[in-house]
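A.B. asks: Here it is: the structure, laid out below.
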Amino acid sequence: MDADLGNLYPVLAGISARNRRPLSYLEPQWTSLDQWKAAARPRFLELLHYEPPALELAGTLEHAEERDGFRVETVRITATGQYDIPARVLVPRGGGQHPGLLVHHCHSGRYVWGHEKVLSHPSDPPDLMEFRQRAYGRPYAEELARRGYVVVVIDAFYFGERRLRVEDLDPAAAPPVFRERLKALGALTRDTPEFRQAVNPLCGEFEHLTAKTIFTAGATWPGMHVWDDRRALDYLASRPEVDPARLGCLGLSIGGLRTAHLIAADPRLRVACVAGWMTVFHEQLRRHLRNHTWMIYVPGLTQDMDLPDAAALHAPGALLVQQCSRDALYPIEAMRAATDKLTRIYQAAHLPERFRGTFYDVPHSFTPEMQDEAFEWIARWI
């Protein structure tokens, strides 16, 4: 009865234990990477259940500003008939083509911010700067631009400009559990710390209803993230300043999971860094799903492959996985098992030098020390 679901846990753990995961590269039927990827990648994409009709690719420039060593462009990337994707593009000084990187922001329960988590602005409020300092130590997208990379950061679905605007909901029509808090929210001045402190937990609780609605509509939350990230990659590769043969991505937390999913879905990426989001799912069941977002679930995936198996679709691309040993989101055994599995997959593919798994004695974060290792890894392989 030490499991979060008590007497129901053995039933669900038994279901998980029966998963054979035939699409792991470690299964004996796979004799080459190409053979395996020809079967596993289409299945991964199928399980995402999101492939909307895309509009013709374009980016509309809305604003540009010069910074120390780079330019920041505010761009809207065309996506579907229902939405476009707000993005920030960091372009380093100097001519010629540069390698390109997608930087994926984290979740952290801060829905009011998207790209702002990794990119600063002179008018940043103190609570944003305090959060960024704790999670990252610096606005690291800017450091990458100064190192010569063209960087694209989008606001992921449900964050920043694309968050659920709970302040615009009619309290009388909302689910009863939210009505009083929505009424109280209406009395707060917008874009203040008090307003953000009220909005963030409400958006978190609305994740349940959002996920139900996404599933009922016939899509998945990871599917929407992967499709948008691939669209951002299309745009990044199309920029005249970018060498389309030298692309990579990285991120912390949900940004790390978006990285793992993106490299599973898209073969164009040469190098990636997953920070703070790698595990084997079976070990999460007992009591480590309680703090996770609905954004992580690809229904049916673990019947065919685990998360390390999906991330290994990146091979022969180079992959760095950084784990935080004091990260309460995962059992340490699950993090070690995932790193071990990726090590064995890259060894079986005769590419041991192209995978590295490291552990840092820190809580859930992407510290400057971790970033420096990631930057060196990217520079080596991109």
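The values are calculated or read from the model by the stated rules, or taken from the named source; none is laboratory data. Bear in mind that the values here come from a model prediction, so they are computed numbers and not experimental data. No Cβ is skipped: glycine too gets one built from the backbone with ideal geometry, and neighbour counts run over all protein chains shown.
A.B. asks: Among the residues of region 65-80, which ones are within 21 Å of Ala232 (Cα to Cα) and in a strand (DSSP E or B)?
C.D. replies: The answer is Glu65, Phe70, Arg71, Val72, Glu73, Thr74, Val75, Arg76, Ile77, Thr78.
A.B. asks: If we keep just the residues of region 175-201 that are part of a loop (DSSP other than H, G, I, E, B) and not polar (S, T, N, Q), which is nearest to Pro244 (Cα to Cα)?
C.D. replies: Looking at residues that are part of a loop (DSSP other than H, G, I, E, B) and not polar (S, T, N, Q), I get Asp191.
A.B. asks: Output the qualifying pairs, or none if there are none: Cβ atoms under 9 angstrom, residues six or more apart or on different chains, first residue in region 353-374 and over 24 Å from Ala315 (Cα atoms) and modelled with pLDDT of 95 or more, second residue assigned to a strand (DSSP E or B) and small (Gly, Ala, Ser).
C.D. replies: Matching pairs, first to second residue: Ser365/Ala275.
A.B. asks: Only one of Phe70, Phe44 is aromatic (Phe, Trp, Tyr), farther than 28 Å from Trp294 by Cα and touching a residue at least 60 places away in the same chain (Cβ under 8 Å); which?
C.D. replies: Testing whether each residue is aromatic (Phe, Trp, Tyr), farther than 28 Å from Trp294 by Cα and touching a residue at least 60 places away in the same chain (Cβ under 8 Å) leaves just Phe70.
A.B. asks: For region 112-131, enumerate the residues that are over 17 Å from Arg88 (Cα atoms) and within 19 Å of the chain's Cα centre (by Cα).
C.D. replies: Listed by number, the list holds a single entry, Phe131.
A.B. asks: Given the conditions (1) crowded, with 18+ Cβ neighbours inside 10 Å; (2) closer than 23 Å to Cys273 by Cβ; (3) within 23 Å of the chain's Cα centre (by Cα), and given that Gly109 satisfies all but one, which numbered condition is not satisfied?
C.D. replies: With (1) crowded, with 18+ Cβ neighbours inside 10 Å; (2) closer than 23 Å to Cys273 by Cβ; (3) within 23 Å of the chain's Cα centre (by Cα) applied to Gly109, the lone miss is (1).
A.B. asks: I've got another one for you. Go through (1) assigned to a loop (DSSP other than H, G, I, E, B); (2) touching a strand residue (DSSP E or B) at 6+ places or on another chain (Cβ under 8 Å) for Glu51 and report which single condition fails.
C.D. replies: Unmet condition: (2).
A.B. asks: What number of residues within region 302-315 satisfy the criterion of being under 12 Å from Val280 (Cα atoms) and part of a helix (DSSP H, G or I)? Lay out the reasoning, then the answer.
C.D. replies: At the first step, the residues of region 302-315 found to be under 12 Å from Val280 (Cα atoms) are 302, 305-311.
Applying the additional criterion that residues be part of a helix (DSSP H, G or I) yields 302, 307-311.
Number of matching residues: 6.
A.B. asks: Ala172 - would you say it is part of a loop (DSSP other than H, G, I, E, B) and in contact (Cβ under 8 Å) with a residue 60 or more places away in the chain? Full working, then the answer.
C.D. replies: Details: part of a loop (DSSP other than H, G, I, E, B): yes; in contact (Cβ under 8 Å) with a residue 60 or more places away in the chain: no.
So Ala172 does not fit the description; no.
A.B. asks: Being part of a loop (DSSP other than H, G, I, E, B), small (Gly, Ala, Ser) and modelled with pLDDT of 95 or more, is that true of even one residue in region 211-233?
C.D. replies: Yes, region 211-233 has at least one match.
A.B. asks: If Gly276 satisfies every condition in (1) touching an Asp or Glu at 6+ places or on another chain (Cβ under 8 Å); (2) under 23 Å from Tyr25 (Cβ atoms) but one, which is the exception?
C.D. replies: Answer for Gly276: the failing condition is (2).
A.B. asks: Need pairs with beta-carbon distance below 6 Å; first residue among the aromatic types (Phe, Trp, Tyr) and within region 1-24, second surrounded by 10 or more Cβ atoms within 10 Å (Cβ to Cβ); sequence gap 6+ or separate chains.
C.D. replies: Listed by first residue and then by second, the contacts come to Tyr9/Ala3.
A.B. asks: Looking only at region 277-296, decide whether some residue is in contact (Cβ under 8 Å) with a residue 12 or more places away in the chain and of a type in the set (Ser, Thr, Tyr).
C.D. replies: Looking through region 277-296, at least one residue is in contact (Cβ under 8 Å) with a residue 12 or more places away in the chain and of a type in the set (Ser, Thr, Tyr).
A.B. asks: Among (1) surrounded by fewer than 17 Cβ atoms within 10 Å (Cβ to Cβ); (2) touching a helix residue (DSSP H, G or I) at 6+ places or on another chain (Cβ under 6 Å); (3) assigned to a loop (DSSP other than H, G, I, E, B), there is one condition Glu27 misses while meeting the rest; what is its number?
C.D. replies: Here Glu27 clears every test but (2).
A.B. asks: For His49, state whether it is over 24 Å from the mean Cα position of the chain (by Cα) and at pLDDT 95 or above.
C.D. replies: no
A.B. asks: Follow-up question, since we're still on this one. Hey, any hits in region 309-316 for a residue that's over 20 Å from the mean Cα position of the chain (by Cα) and modelled with pLDDT of 95 or more?
C.D. replies: So far as region 309-316 goes, yes, one or more of its residues are over 20 Å from the mean Cα position of the chain (by Cα) and modelled with pLDDT of 95 or more.
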